[in-house]
Structures are given as C-alpha cells and as structure tokens.
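The values are calculated or read from the model by the stated rules, or taken from the named source; none is laboratory data. Because the structure is a prediction, the values reported are computed rather than measured. Using ideal geometry, Cβ is built from the backbone for each residue, glycine included, and neighbour counts are taken over all protein chains shown. Heads up: the accessible areas ignore ligands, DNA and RNA and are worked out on the full protein's heavy atoms, side chains in. Shrake-Rupley method; radii C 1.70, N 1.55, O 1.52, S 1.80 Å.
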Amino acid sequence: MDISDKRVVLTGAAGGMGSILAAELARRGAKLALVDANGQALEKVAASLVDAHSVTGDLSSASGCQSVARQCSELLGGIDLLINLAGVNSFAAFEDESAEKIELMMHVNLLAPMWLCRAFLPTMLDQSSARIVNVGSIFGSIGFAYFTTYSATKFGLRGFSEALRRELADSGVGVTYVAPRAVKTAMNSDAVNRMGAATGMNMDEPQAVVEKIIAAIESDRKDVYLGFPESLFVRINAILPRIVDGSVAAKNRIARQFAKGEK
Ligand SMILES: NC(=O)c1ccc[n+]([C@@H]2O[C@H](COP(=O)([O-])OP(=O)(O)OC[C@H]3O[C@@H](n4cnc5c(N)ncnc54)[C@H](OP(=O)(O)O)[C@@H]3O)[C@@H](O)[C@H]2O)c1
C-alpha cells in the first residue's frame, strides 16, 4: 500500500511505538486519526504533525470502541488503513494476576482490535482496497512464562488475523499481522527490564520496529516476525514445542524471581 493520502486510524498513538509510527505515517502524507487513552500525550503527538486528529478514547469496552470508530469515521470521512497498536501487558506469576487485569488485557489486546475491525469493515469492503494491521508479539506464537495472560491475548490476535485474512482473501481488504520481540518502551516495567538483562532477552529500539511495520504495510505483507533468533524459535515452537520447553526452563526459573518481586 502506498501510504500517501491514505486515511489512517492508529490506536496506541501516544505510546512508545505509536508516537513514532504516527510521525512516520504523517511524513509519508497520510491523513491520521490518532487514538489513545492518554489524552494529554495524544494531543502533544497530534499537535506536532500535519493532518492529524486526536481521538481520546478508552478501548477497553465495546461501547468505547464504537465511539472511537464513529469519531474517526466522521473526522476522516472513511478509512483506508486501520492499525491496531494499542496494548497492555503484565509480568506476573499467573496465580498473582488479578481478574481485573486479565479482563483488561483481553479487552485492549484482543477484543478492541476485533471490535474496531467489525466497525470499519463494511466501509472498507465498499472500497477497491484497504488494509488492517494488527500488532501482536512473538509471545503470540511462543507462550511465555510470567506473561501468560499477555501471551493468550496475542495468540488470540494472531488467530483472528489469520482467519480474517483468509475470509477476506477475495476482497480488496488485506490483513497484516506484525509480531515484534521485546521493544524498549514504557510498556516494559523496571522488573521486566531487569529480568530481560538477567536472562539475555533481546530488546529492539522502537524506531527500528516502526520502520519494519511501515515496510510491512508498504509491501502488503501477510505476517512479519521480527528479530533473530526469535523468528526462528517461532517456527521451531510450532513444530517441536518440547524442544522449546527444555531450552527456556532455566531462564523461566530466573524470571520467576523477578515476577514474584524477589529480585
Ligand atoms: N514494548 C514491547 O516490548 C512490545 C513487544 C512486542 C509487542 N508489543 C506490542 O506493541 C504495541 C505497542 O506497544 P508499546 O511498546 O508502544 O506500548 P506503550 O508505549 O505502552 O503504548 C501503548 C499505548 O496504548 C495505550 N492504551 C493502553 N490501554 C488503552 C485503552 N484501554 N484505550 C486506549 N489506549 C490504550 C496506552 O495508553 P496509556 O499510557 O494511557 O496506558 C499507550 O499510549 C502493543 O500492542 C504491544 O503489545 C510491544
């Protein structure tokens, strides 16, 4: 997809990757509806860009998503590209995870992209071409200990993206699933960063990941798994998961100490 002049809805636009992605899309001439719960940060991002509207909204409910979709449609007069980037994570032993946090992650990471796709799809299908981009995670292919709920939401998002892509194969609407490995943004708490350093976790700069997301959009990619060896482990885990069970066991014992707040 050529991004110039395209009407783009980007969620999570005030975040570590979202603010950079918004700027890169604007630089390529996109007309933007930028969505985030953090209204103050969002206003700042939108104010620094040409042709960018801000839509402050909470994506953790169906009604919140419907309201966001309605406002974006009114502001842009249609949509060519939907980028579902907003997300929340949690680093905790599953026995310590609260019911509220589990629900929140399911809502923001999985249901919100589904609700927004559902809201925009009829308009997109009326056009000759459009694209949906769902930003998942390597943890959406490799279930990661102490990110258990987060992994479940991203597995769901990957499955949704694959099924929807196949369902829309005879239409002009394409679906791209992008799975970054860990990225240096505020999403990762101090405990995650310390655990990452202790276990040798690779962490990318957000600018580099955003460039890969843009490249995936411009070349109409179906799915992209970022980083080596993580992208290889995705394939190994799909075919030989017992090998991965064994290779991550020692690191999981270290991670548990950070997840339980013992380190
Ligand atoms: N960072 C990583 O290591 C990493 C790795 C792989 C994949 N990803 C994925 O990449 C995406 C972007 O992550 P990031 O690192 O840029 O995270 P981030 O810096 O935390 O940005 C996420 C943004 O989403 C917003 N958001 C959260 N809940 C929302 C809600 N209910 N309604 C509306 N907006 C909401 C946040 O607002 P608030 O600040 O107000 O909460 C924040 O501005 C996520 O989907 C994430 O799962 C991240």
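Brief remarks on what is shown
- Number of residues in the range 150-173 that are part of a helix (DSSP H, G or I) and either open to solvent by 50 Å² or more (accessible area, probe 1.4 Å) or away from the ligand (no atom under 12 Å from the Cβ) (or both): the value is 13.
- Of all residues in the range 22-41 being touching an Asp or Glu at 6+ places or on another chain (Cβ under 9 Å), open to solvent by 20 Å² or more (accessible area, probe 1.4 Å) and not in a helix (DSSP H, G or I), the one that is nearest to the ligand (Cβ to nearest atom): 37
- The range 70-92: number of residues that are among the acidic types (Asp, Glu) and in contact with a Ser or Thr (Cβ under 8 Å, 6 or more places away or on another chain): 1
- Of all residues in the range 42-55, those satisfying the criterion of being open to solvent by 30 Å² or more (accessible area, probe 1.4 Å) and within 15 Å of the ligand (Cβ to nearest atom) are 43, 44, 54.
- Filter result for residue 59 (closer than 30 Å to residue 258 by Cβ and touching a Gly at 6+ places or on another chain (Cβ under 8 Å)): no
- Hey, residue 120 buried (at least 20 other Cβ atoms within 10 Å of the Cβ), part of a helix (DSSP H, G or I) and more than 14 Å from the ligand (Cβ to nearest atom) or not: yes
- Test: residue in the range 89-108 that is over 28 Å from residue 262 (Cβ atoms) and open to solvent by less than 60 Å² (accessible area, probe 1.4 Å): yes
- Figure legend. Inter-residue proximity from the range 26-43: first residues within 16 Å of residue 79 (Cβ to Cβ) and in contact (Cβ under 8 Å) with a residue 24 or more places away in the chain, second residues surrounded by fewer than 23 Cβ atoms within 10 Å (Cβ to Cβ) and of a type in the set (Lys, Arg), beta-carbon distance below 6 Å, spacing 6+ or different chains. Indicated pairs: 30/6; 31/7.
- For the range 126-149, taking the residues that are over 24 Å from residue 260 (Cα atoms) and open to solvent by 30 Å² or more (accessible area, probe 1.4 Å), the one that is farthest from the ligand (Cβ to nearest atom) is identified as 128.
- Every test in (1) assigned to a helix (DSSP H, G or I); (2) within 9 Å of the ligand (Cβ to nearest atom); (3) more than 22 Å from residue 214 (Cα to Cα) is passed by residue 89 save one, and that test is (1).
- Condition met for residue 190 (free of Cβ contacts under 8 Å to residues at least 40 places away in the same chain, in contact with a Pro (Cβ under 8 Å, 6 or more places away or on another chain) and not hydroxyl-bearing (Ser, Thr, Tyr)): no
- Pairing residues of the range 195-207 that are of a type in the set (Val, Ile, Thr) with residues that are open to solvent by 20 Å² or more (accessible area, probe 1.4 Å), at Cβ distances under 7 Å and at least 6 apart in sequence or on separate chains, gives 199/251; 199/254.
- Which listed residue, of 19, 60, is near the ligand (Cβ under 10 Å from one of its atoms), closer than 23 Å to residue 178 by Cα, assigned to a helix (DSSP H, G or I) and modelled with pLDDT of 95 or more: 19
- Restricting attention to the range 174-207 and to residues that are surrounded by 15 or more Cβ atoms within 10 Å (Cβ to Cβ), within 12 Å of the ligand (Cβ to nearest atom) and among the small types (Gly, Ala, Ser), the residue that is farthest from residue 135 (Cα to Cα) turns out to be 196.
- If only residues of the range 1-16 that are among the charged types (D, E, K, R) and within 19 Å of residue 176 (Cα to Cα) are counted, the one that is most open to solvent (accessible area, probe 1.4 Å) is 2.
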